[in-house]
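J.: Input: one structure, supplied below.
The values are calculated or read from the model by the stated rules, or taken from the named source; none is laboratory data. The structure presented is a predicted model; accordingly, all values stated were derived computationally and were not measured. Please note: Cβ atoms are built from the backbone with ideal geometry, for glycine as well, and neighbour counts cover all protein chains shown. To get the accessible areas, we keep the full protein, side chains included, count just its heavy atoms, and leave off ligands, DNA and RNA. Shrake-Rupley method; radii C 1.70, N 1.55, O 1.52, S 1.80 Å.
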Amino acid sequence: MKWLSDVSLTPHHTFGLPARAQAIVEAHCVQDLQAIWQAPDYHASPKLVVGEGSNLLFCQDFEGVVVLNRLMGITVDNHADHYLLHVGAGESWHAFVAWSIDHGMPGLENLALIPGCVGAAPIQNIGAYGVEFYERCAYVDIYHPGTGNQRRLSSDECQFGYRDSIFKTPVMQGWVITQVGFRLNKAWKPVLKYGALAELDSQQVTPRAIFDAVCAIRRAKLPDPSVCGNAGSFFKNPVIESEQAATLKATYPEIPLYPASLGKNKIAAGWLIEQCGLKGKRQGGARVHPQQALVITNAENATSDDVLRLAKQVVSHVYTRFGVALEHEVRLIDQQGETTLEAQ
Ligand code: FAD
Ligand code: EPU
């Protein structure tokens, strides 16, 4: 294993902000993970497992070891009515989705072009264009390098919700996702409920056509991190009680509201931010994306302080105008590990 010390994290997260780590190392197998956790020089240092860093904001230099998860491999069991795919956590998500379509195993086409690694997909239950990860998840394999324990969690045990799962809770502290199982049914049905996809003909459409359409919509709407640093939606779409939704709807009839579980409603945070006149707003080098207000970008040599200040301004404006509290989706990391916008 190759250890690098005092390294720049700029190339290891899609915001591309300046930050450093005490050390960085790649793990290619479970034995590597165990060796990293036992390394005498870094025994007491905090560890942060990273895929492609596409949902991360390093608020300060990280005083610990960044472990790049590069556990690879894809195998397939061919069952009578479904394929069961076993996929290493370090595989690129989009490359895996493209591979599954190329090999005649559809079901993930709506989730094309989401950045990141397969192992991070369960953590916030990635979702886009009418499909969420949990709908195709068979199991998630986890490993605890501190104790050597391994477990396979069923999809139900993962407690998936909107941008949420058990992996965001304290019980999963110290566990690393090593492999993900996907169940893709052979009786494929297109999912065309998202706005622009509804124009496709459900009788004629192919998985490839949906894959291509999703890639085209995403390329038109979202900034490409290789051109302009960002981490996708900075905030989650807030889920509010039906009474508050009804009050907002009465004042703002055009407000985009969607049904959520337990009779609640989800509001489009991008709309709330745009209504506050914040599209294109700058703070230092950070900017609210002019085409998609839910995304904060590293427009011009931003620092993490610029991004944090801008994010706080957005939260404050939206709360003052609508009484709705935005929560950040992006995972914030300080010197020791995870933190929150409120704590910064
Ligand atoms: P990282 O950012 O590296 O890590 C995210 C978190 O997971 C961190 O807390 C990290 O410590 C932890 N982690 C990562 N891997 C492991 C592991 N193997 N074991 C344990 N913990 C781990 N998300 C959506 O849901 N839908 C979208 O449509 C979407 N669009 C996006 C568009 C753009 C342009 C960008 C930049 C991001 C978008 N995202 C979207 C967010 C992001 O792509 C996903 O959250 C993705 O799953 C993150 O993967 P990653 O490998 O980059 O994770
Ligand atoms: N909207 C505005 N102004 C904006 C942005 C959006 O008015 O600046 C309105 C749109 O007009 C639309 C509604 O908000 O009526 C929803 O917008 P969009 O379809 O673009 O989706 P989103 O809610 O902004 C969510 C996810 C994305 C995912 C898309 C597509 C969250 C936090 N974000 O965005 O995921 O790709 O839907 O399914 O749920 C991510 O999580 O990083 C991410 C990019």
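J.: With a ≥ b ≥ c taken as the square roots of the eigenvalues of the C-alpha gyration tensor of the range 70-171, please select rounded if a/c is under 1.5 and otherwise prolate if a/b is larger than b/c or oblate if it is not? Don't skip to the answer; put the middle values down first.
T.: On the way: a/c = 1.59, a/b = 1.32, b/c = 1.20.
Here the range 70-171 falls in the prolate category.
J.: A further question follows. Put +1 on the Cβ of every Lys and Arg and -1 on every Asp and Glu Cβ in the chain; which of LEU84, HIS328, GLY51 then has its Cα farthest towards the positive end of the dipole?
T.: Comparing the listed Cα positions along the dipole, HIS328 ranks first.
J.: Using amide H atoms built 1.01 Å from N in the peptide plane, name the residues 5+ places from LEU48, or on other chains, whose amide H lies under 5 Å from its own.
T.: Long-range HN contacts for LEU48: VAL65, VAL66, VAL67.
J.: So, with +1 on the Cβ of K and R and -1 on the Cβ of D and E, and no other charges, what is the size of the charge dipole of the range 1-145 about its Cα centre, to the nearest 20 debye? Could you put the intermediate results ahead of the total?
T.: Numbers: 5 positive and 15 negative charges, 54 e Å.
Value, rounded to 20: 260 debye.
J.: Further question on the same structure: Note down the Stokes-Einstein diffusion coefficient of the range 157-305 in µm²/s, whole number, using a Kirkwood radius over alpha carbon pairs, 20 °C, and 1.002 mPa s. If you can, show how the numbers build up before the last one.
T.: On the way: Rh = 18.7 Å.
Result for D is 114 µm²/s.
J.: Kirkwood hydrodynamic radius (Cα pairs, Å) of the range 223-290? Intermediate values should be presented prior to the final figure.
T.: Working: mean 1/r = 0.0733 Å⁻¹.
Computed over the range 223-290, the radius equals 13.6 Å.
J.: How large a share of the accessible area of the range 100-163, in percent, is made up of carbon and sulfur atoms when the probe is 1.4 Å and the other protein chains stay in place?
T.: Values: 1010 of 2290 Å².
On the range 100-163, the fraction of accessible area on carbon and sulfur atoms equals 44 percent.
J.: Please get the size of the charge dipole for the chain, origin at its Cα centre, with Cβ charges of +1 on Lys and Arg and -1 on Asp and Glu, quoted in debye to the nearest 20.
T.: Dipole about the Cα centre, nearest 20: 560 debye.
J.: A further question on this structure: Calculate, in whole percent, how much of the Cα-Cα pair population of the chain lies beyond 39 Å.
T.: 14
J.: Using θ = phi - 60° and the Karplus curve 6.51 cos²θ - 1.76 cosθ + 1.60, what whole-Hz ³J(HN,Hα) does each residue of the range 312-326 get, with Gly and Pro shown as x?
T.: Listing the rounded values in order: 5, 5, 4, 4, 5, 4, 5, 5, 5, 7, 10, x, 10, 8, 7 Hz.
J.: Kirkwood hydrodynamic radius, computed over distinct alpha-carbon pairs, for the range 90-234: how many Å, to one decimal?
T.: 16.3
J.: Once the cut-off is 15 Å, how many percent of the Cα-Cα pairs in the range 131-197 end up in the long-distance tail? Walk me through the numbers on the way to the answer.
T.: Numbers: 1330 of 2211 pairs.
Percent of Cα pairs beyond 15 Å in the range 131-197: 60.
J.: According to the Cα gyration tensor, what semi-axes, each the square root of 5 times an eigenvalue, does the equivalent ellipsoid of the range 58-129 have, listed from largest to smallest in whole Å? Don't skip to the answer; put the middle values down first.
T.: Details: eigenvalues 152, 42, 19 Å².
Whole-Å semi-axes of the equivalent ellipsoid: 28, 15, 10.
J.: On average, how much area does the Cα convex hull of the range 1-57 cover when viewed from any direction, in nm²?
T.: Working: hull surface 16.0 nm².
So the mean shadow area of the Cα hull is 4.0 nm².
J.: Okay, helix-only estimate at 222 nm for the chain: each DSSP H run of n ≥ 4 adds -39500 (n - 2.57), divide by all residues, round to 500 deg cm²/dmol; what do you get?
T.: Working: 6 runs with 70 residues, N = 344.
Rounded to the nearest 500, the figure is -6500 deg cm²/dmol.
J.: P(r) for the range 236-275: what percent of alpha-carbon pairs falls in each 10 Å bin, starting at zero?
T.: Going from the shortest bin to the longest, the percentages are 33, 59, 8.
J.: Okay, moving on. In Å and from the alpha-carbon atoms only, list the Rg and Dmax of the range 238-344.
T.: 14.8, 45
J.: Using every Cα-Cα pair within the range 1-145, state what percent have a distance larger than 21 Å.
T.: The share of Cα pairs beyond 21 Å in the range 1-145 comes to 48 percent.
J.: Just want to confirm a number: the relative contact order over the range 131-273, from Cα pairs under 8 angstrom separated by 6+ residues, in percent.
T.: Relative contact order comes out at 16 percent.
J.: Next question. Which order, highest average first, do 167-180, 150-163 follow once you tally other Cβ atoms within 10 Å for each residue and take the mean per peptide? Don't jump to the answer; show the numbers that get you there.
T.: Values: 167-180: 17.1, 150-163: 15.5.
The densest-packed peptide leads the list: 167-180, 150-163.
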